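Shown next, in structure tokens, is the structure this report addresses.
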Amino acid sequence: MANTKKRPKIDKKNLIIRRMSTYLRTLDHLQNKGVKVISSADLEKIDGVTQSLVRRDFAEFGSFGVRGVGYHVPELREQIARILGSDRHWKVALIGAGGLGSVLMHSASFKKRNLEVVQIFDHAGASVGTSIEGIPVHDIANLEQELDASRIDLAIIAVPPPEVQGVIDRLSQLGVRGALYFASRPVRVPENMVVLNMDITVELGVLTYQLLES
Ligand SMILES: NC(=O)c1ccc[n+]([C@@H]2O[C@H](COP(=O)([O-])OP(=O)(O)OC[C@H]3O[C@@H](n4cnc5c(N)ncnc54)[C@H](O)[C@@H]3O)[C@@H](O)[C@H]2O)c1
């Protein structure tokens with residue numbers, strides 16, 4: 001039997017932060033190109049949102065921009081960076097220095113958001129004893145002895161899927177408050193942590209939902 005239940009609109013409040021992060025990426029790009037002022041119409045063209053949604057998103061956090069003039073790029077960039085916490089310095093532990101971990105270490109993404117990897121852990125026998133971008137790779141067996149929980153704000157977890165939960169639980173015990181992992185599987189999130197997942201299968205589900213709606 002066909003499901004007649006109304007399908008909720010996808011733009012729920014929890015997506016605002018995600019869009020704010022997207023606007024910040026755009027503003028970085030515009031600032032690098034020397035653009036000084038933009039309108040919500042410009043953001044609409046670049047980020048695929050409506051002008052009214054841009055304005056509503058900003059209104060959640062205060063009043064930005066000047067009516068009839070638009071948004072001053074450096075100022076708006078600074079305001080959004082402050083909202084997202086990207087204006088402060090975050091210390092990161094990278095767990096898993098294989099293919100993805102190495103790519104992330106060499107990418108500009110961390111620097112763009114003021115993230116600094118200060119410790120790296122992997123399995124003995126893999127890259128332990130080497131260093132990436134000048135950061136030595138430590139043995140995950142010694143995590144409890146060597147992870148400096150007072151210095152680490154969050155962890156990036158790039159280990160094989162079956163290993164992710166164990167790593168999250170150990171980080172939680174050590175008092176690490178946040179983690180991002182990439183495996184395509186759910187995890188139990190400890191109460192003292194914020195855990196996010198980047199998974200292409202999830203994004204594809206969101207995309208196909210939106211295609212059904214459009
Ligand atoms: N979301 C995506 O689009 C995407 C893309 C690529 C990979 N991934 C996921 O990212 C993760 C890493 O993938 P990869 O290609 O870098 O794999 P990889 O096998 O190249 O690297 C994994 C690394 O983790 C280390 N490791 C294994 N168990 C560990 C543990 N308990 N503690 C610390 N280190 C450990 C291994 O020694 C290895 O160096 C996987 O979960 C994979 O599914 C996701």
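Pairs only if they're at least six apart or on different chains, beta carbon under 8 angstrom, first in the stretch 94-110 and more than 6 Å from the ligand (Cβ to nearest atom), second among the acidic types (Asp, Glu); list them, first residue then second.
From residues that are more than 6 Å from the ligand (Cβ to nearest atom), the pairs are Met105/Glu133; His106/Glu133; Phe110/Glu116.
Going residue by residue through the stretch 20-36, is there one that turns out to be under 30 Å from Pro162 (Cβ atoms), surrounded by fewer than 17 Cβ atoms within 10 Å (Cβ to Cβ) and not aliphatic (A, V, I, L, M)?
The first filter runs over the stretch 20-36 and keeps only residues under 30 Å from Pro162 (Cβ atoms), leaving 21.
Subset that is surrounded by fewer than 17 Cβ atoms within 10 Å (Cβ to Cβ): 21.
If we keep only those that are not aliphatic (A, V, I, L, M) too, we end up with 21.
Yes, the conditions are met somewhere in the stretch 20-36.
Please verify whether Gly96 is in the same structural domain as Pro161 (by TED's automatic domain parsing) and among the small types (Gly, Ala, Ser), treating the condition exactly as stated. Even if it seems obvious, please write down each step before you answer.
Numbers: in the same structural domain as Pro161 (by TED's automatic domain parsing): yes; among the small types (Gly, Ala, Ser): yes.
Spelling it out, Gly96 is indeed in the same structural domain as Pro161 (by TED's automatic domain parsing) and among the small types (Gly, Ala, Ser).
What pairs come out if I take residues in the stretch 118-144 that are closer than 12 Å to Gly98 by Cα and pair them with residues that are among the aliphatic types (A, V, I, L, M) and assigned to a helix (DSSP H, G or I) whose C-beta lies under 6 Å away, six or more apart or interchain?
Phe121/Ile140; Phe121/Leu143; His123/Ile140; Ile132/Met105
If Met193 meets every condition in (1) within 16 Å of the ligand (Cβ to nearest atom); (2) open to solvent by less than 20 Å² (accessible area, probe 1.4 Å) apart from one, which number is that one?
Here Met193 meets the rest and fails (1).
Which residues, counting only those in the stretch 74-101, are open to solvent by less than 30 Å² (accessible area, probe 1.4 Å) and closer than 29 Å to Gln165 by Cβ?
At the first step, the residues of the stretch 74-101 found to be open to solvent by less than 30 Å² (accessible area, probe 1.4 Å) are 76, 80-81, 85-86, 92-97, 101.
Matches in the stretch 74-101: Gly85, Ser86, Val92, Ala93, Leu94, Ile95, Gly96, Ala97, Gly101.
Quick one: how many residues across the stretch 136-149 are more than 9 Å from the ligand (Cβ to nearest atom), within 18 Å of Ala179 (Cβ to Cβ) and surrounded by 12 or more Cβ atoms within 10 Å (Cβ to Cβ)?
Of the residues in the stretch 136-149, 4 are more than 9 Å from the ligand (Cβ to nearest atom), within 18 Å of Ala179 (Cβ to Cβ) and surrounded by 12 or more Cβ atoms within 10 Å (Cβ to Cβ).
Output the residue which, of all residues in the stretch 169-186 that are more than 16 Å from Lys91 (Cβ to Cβ) and away from the ligand (no atom under 14 Å from the Cβ), is surrounded by the fewest Cβ atoms within 10 Å (Cβ to Cβ).
Applying the first criterion (more than 16 Å from Lys91 (Cβ to Cβ)) to the stretch 169-186 yields 169-170, 172-173, 181-186.
Keeping just the survivors that are away from the ligand (no atom under 14 Å from the Cβ) gives 172-173.
Working: Ser172: 18, Gln173: 13.
Restricting to residues being more than 16 Å from Lys91 (Cβ to Cβ) and away from the ligand (no atom under 14 Å from the Cβ), the top hit is Gln173.
Quick check, is Asn197 within 22 Å of Ser21 (Cβ to Cβ) and touching a His at 6+ places or on another chain (Cβ under 8 Å)?
Working: within 22 Å of Ser21 (Cβ to Cβ): yes; touching a His at 6+ places or on another chain (Cβ under 8 Å): no.
It is false that Asn197 is within 22 Å of Ser21 (Cβ to Cβ) and touching a His at 6+ places or on another chain (Cβ under 8 Å).
So in the stretch 111-128, with the set limited to residues that are open to solvent by 70 Å² or more (accessible area, probe 1.4 Å) and within 16 Å of the ligand (Cβ to nearest atom), which one is farthest from Asp87 (Cα to Cα)? Write out each step before concluding.
Step one: list which residues in the stretch 111-128 are open to solvent by 70 Å² or more (accessible area, probe 1.4 Å), which gives 111-112, 116, 123, 125.
Next cut, within 16 Å of the ligand (Cβ to nearest atom) only: 123, 125.
Details: His123: 33, Gly125: 37 Å.
This residue is Gly125.
Counting just the residues of the stretch 60-73 that are over 23 Å from the mean Cα position of the chain (by Cα) and not small (Gly, Ala, Ser), which one comes out surrounded by the fewest Cβ atoms within 10 Å (Cβ to Cβ)?
Result: Arg67.
Taking the stretch 150-168, which residues are surrounded by fewer than 16 Cβ atoms within 10 Å (Cβ to Cβ) and away from the ligand (no atom under 11 Å from the Cβ)?
Selection gives Ser150, Arg151.
Taking the conditions exactly as written (within 30 Å of Ile135 (Cα to Cα) and open to solvent by 60 Å² or more (accessible area, probe 1.4 Å)), does Arg56 satisfy them or not? So that I can check it myself, show each step before the final result.
On the way: within 30 Å of Ile135 (Cα to Cα): no; open to solvent by 60 Å² or more (accessible area, probe 1.4 Å): yes.
No.
The values are calculated or read from the model by the stated rules, or taken from the named source; none is laboratory data. Given the structure is predicted, the values throughout are model-derived calculations rather than measurements. Quick reminder, even Gly has a Cβ in these numbers, built from the backbone with ideal geometry, and neighbours come from all protein chains shown. Side chains are part of the model used for accessible areas, which takes the heavy atoms of the whole protein and leaves out ligands, DNA and RNA. Shrake-Rupley method; radii C 1.70, N 1.55, O 1.52, S 1.80 Å.
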